[in-house]
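Colleague: Here it is, the structure, as structure tokens.
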Amino acid sequence: MHPENIHNKPYDFDVLTDAIPELSQYVFENKYGTKTIDFSDQDAVLKLNKALLKYHYGIDNWSIPKDYLCPPIPGRADYIHHLNDLLLEENIHVQIKGIDIGVGANAIYPILANSIYGWKMLGTDIEVKSVEMARTNINSNEKLSENIEIIQQKDRGSIFKGIIKEDDYYHFSMCNPPFHASEKEAQKANSRKVKNLNLKNSSDLNFGGQANELWCNGGEALFIKRLIKESVLFKNQVGWFTSLVSKKENLPKIYKQLKKIGASYRTIEMGHGNKKSRIIAWKFE
């Protein structure tokens, strides 16, 4: 993890259950004598996230509808810290403003960006329910409501169009694109997780998510390609364009597209336990 990430150490369940007492019913000692929770239990993970947000970031009110993605906060915080490293290179002396593409019902990236670094954030999503829930999460916390705006992208064929206005400038954009190319592919991935966790069926899993959160036509590679192509139209209004890339095999296609549009770019590796991921970041000089 990033050295600035406060989640580098194991969870302290004593302080977390003090923050959210309901979490305590899910905490147990494993065979090593370490306190933990069942991370395949959606309710347990939701309570853990609520406790992490309250204890570490002072967020008193946060939730998501059942079967929506419940984000792992340490990994999400890592993305924010790596973004800060990019921005430090720019030696910026004004209020940082960023866009989260596909903010989801949880609105976790804007919440962490504002809580950790005080950035002003705009979150966008195509789904009405996600937008409504994200707004509820933001507006339920006064310090967030003053610094974060959530809007719906009404044109499903666009990413930045209709969102970035003529006189707007954002220091960065960020995105956690849908991983899979189809519902079938997402179900296969879910089945592998079931098998790895020795669960009986996928209904036992915490790995929730709505269609637009889990898959899109062409999957991650095509979505990022669209992101890159549209970024050309806003090259003077966004400093760094960035996106998570979960599948390493997609990088050659992404690099090819970035070279095609003449952008300078870099890949930032991230590691969370056994999970490896990366951020692709590009800009126009």
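The values are calculated or read from the model by the stated rules, or taken from the named source; none is laboratory data. In this text the structure is predicted, and so the values were computed from the model without any measurement. Virtual Cβ from ideal backbone geometry, glycine too; neighbours counted across all protein chains shown. For the accessible areas, the whole protein counts, side chains as well, though only heavy atoms, and no ligand, DNA or RNA atoms are used. Shrake-Rupley method; radii C 1.70, N 1.55, O 1.52, S 1.80 Å.
Colleague: Regarding the stretch 32-49, can at least one residue be identified that is open to solvent by 50 Å² or more (accessible area, probe 1.4 Å) and free of Cβ contacts under 8 Å to residues at least 12 places away in the same chain?
Modeller: Checking the stretch 32-49: at least one residue is open to solvent by 50 Å² or more (accessible area, probe 1.4 Å) and free of Cβ contacts under 8 Å to residues at least 12 places away in the same chain.
Colleague: Here are Asn30, Asn49, Asn5: which of them is among the polar types (S, T, N, Q) and touching a Cys at 6+ places or on another chain (Cβ under 9 Å)?
Modeller: Step by step, each of Asn30, Asn49, Asn5 is checked, and only Asn49 is among the polar types (S, T, N, Q) and touching a Cys at 6+ places or on another chain (Cβ under 9 Å).
Colleague: Continuing with this model, one more query. Filter the stretch 64-80 for residues that are hydroxyl-bearing (Ser, Thr, Tyr) and open to solvent by 10 Å² or more (accessible area, probe 1.4 Å) and give the result.
Modeller: Within the stretch 64-80, Tyr68 is the sole residue that qualifies.
Colleague: List pairs: first residue in the stretch 271-285 and under 13 Å from Met174 (Cα atoms) and without any contact (Cβ under 8 Å) to a residue 40 or more places away in the chain, second residue assigned to a strand (DSSP E or B) and of a type in the set (Asp, Glu) anywhere in the structure, Cβ distance under 6 angstrom, at least six positions apart or on different chains.
Modeller: Going by the 6 Å Cβ cut-off, the qualifying pairs are Arg278/Glu269.
Colleague: Going through the stretch 270-285 one residue at a time, which ones are assigned to a strand (DSSP E or B) and either of a type in the set (Gly, Ala, Ser) or at pLDDT 95 or above (or both)?
Modeller: Gly271, Ser277, Arg278, Ile279, Ile280, Ala281, Trp282, Lys283, listed by residue number.
Colleague: Another question, then. Before we move on, is Leu83 open to solvent by less than 70 Å² (accessible area, probe 1.4 Å) and in a loop (DSSP other than H, G, I, E, B)? Break it down into steps so the answer makes sense when it comes.
Modeller: On the way: open to solvent by less than 70 Å² (accessible area, probe 1.4 Å): yes; in a loop (DSSP other than H, G, I, E, B): no.
No; evaluated as a whole, the condition is false for this residue.
Colleague: Taking only pairs six or more apart or across chains, which ones have beta-carbon atoms under 8 Å, a first residue in the stretch 222-238 that is in contact (Cβ under 8 Å) with a residue 24 or more places away in the chain and among the basic types (Lys, Arg), and a second residue that is in a helix (DSSP H, G or I) and open to solvent by less than 50 Å² (accessible area, probe 1.4 Å)?
Modeller: Lys225/Ile254; Lys225/Gln257; Lys229/Gln257; Lys229/Ile261
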